[in-house]
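One structure is given below, encoded as structure tokens.
What follows is calculated from the coordinates using simple rules that are stated; it is not laboratory data. Since the structure is predicted, the reported quantities are computational estimates derived from the model, not experimental observations. Neighbour counts run over all protein chains shown; Cβ positions are idealised from the backbone, glycine included.
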Amino acid sequence: MNWNIDPAHSTASFTVRHLAISNVRGNFSGVEGTIVTDDAGKPVSVSARIPVDTVNTGQPDRDGHLKSPDFFHAEQHTHITFEGSSVKDLGGNEYDISGTLTMHGESRPVTLRTEVTGPAKDPMSGAQKIGAEATVQLNRKDYGLTWNVALEAGGVLVSENVKVHLEIQAAQA
């Protein structure tokens, strides 16, 4: 079965350590793409695109900096993409979906720990829908996101490690 990711009901969020003492959270909206499942509802493949210029941390100055060449360089690298084609069934509704994440012009293999739920009929649209929640931890330097500032007391302003959390809703195509 084919499912279209619903941009209005899907987000990609991130958490990163800031000043070595607290976390900054942000998200991207407008996630789009497709999920293919077999007849039993197991994911077979995933293709997703995230528009970089939708980044939102709740601080316009920081969002502007994240879109700049110091970080995502949104004018040149307009989307983050994931192409997942290898799925390991972990039992229940849990899967490891492995594929290629491309961000800032760099492509790397990643595995998303994913829970798939549904299907359920949406009473508003009448469409059959599934949900997916996925997590992964990335090193931003692997994707060329290297900007940083050293702190007087040691450490750096922005951690290299970024926790990513995806919440997806998709409608049957």
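Over the range 46-96, what lengths in whole Å, largest first, do the semi-axes of the equivalent ellipsoid take, defined as the square roots of 5 times the eigenvalues of the alpha-carbon gyration tensor? Write down the numbers at each step before the final one.
Working: eigenvalues 193, 37, 11 Å².
One finds semi-axes of 31, 14, 8 Å for the range 46-96.
Once phi is turned into θ = phi - 60°, what whole-Hz ³J(HN,Hα) does the Karplus curve with 6.51, -1.76 and 1.60 give for every residue of the range 51-60, x standing for Gly and Pro?
3J(HN,Hα) across the range 51-60, in whole Hz: x, 4, 6, 8, 4, 9, 10, x, 10, x.
Mind putting a number on the dipole of the range 4-75 about its Cα centre? Charges go on the C-beta only, +1 for Lys and Arg and -1 for Asp and Glu, and I need it in Debye to the nearest 20. Don't skip to the answer; put the middle values down first.
Values: 6 positive and 9 negative charges, 60 e Å.
It comes to approximately 280 debye.
Have a look at the chain and give its Rg and Dmax from the Cα atoms, expressed in angstrom.
Expressed in Å, the Cα Rg and Dmax of the chain come to 17.0, 57.
Which is the longest part of the chain that has none of the GluC sites (Glu not before Pro) sitting in a DSSP loop with at most 14 other Cβ atoms within 10 Å? Mind dumping the intermediate values first?
Values: sites that count: Glu75, Glu152.
So the longest stretch without any such site is 76-151.
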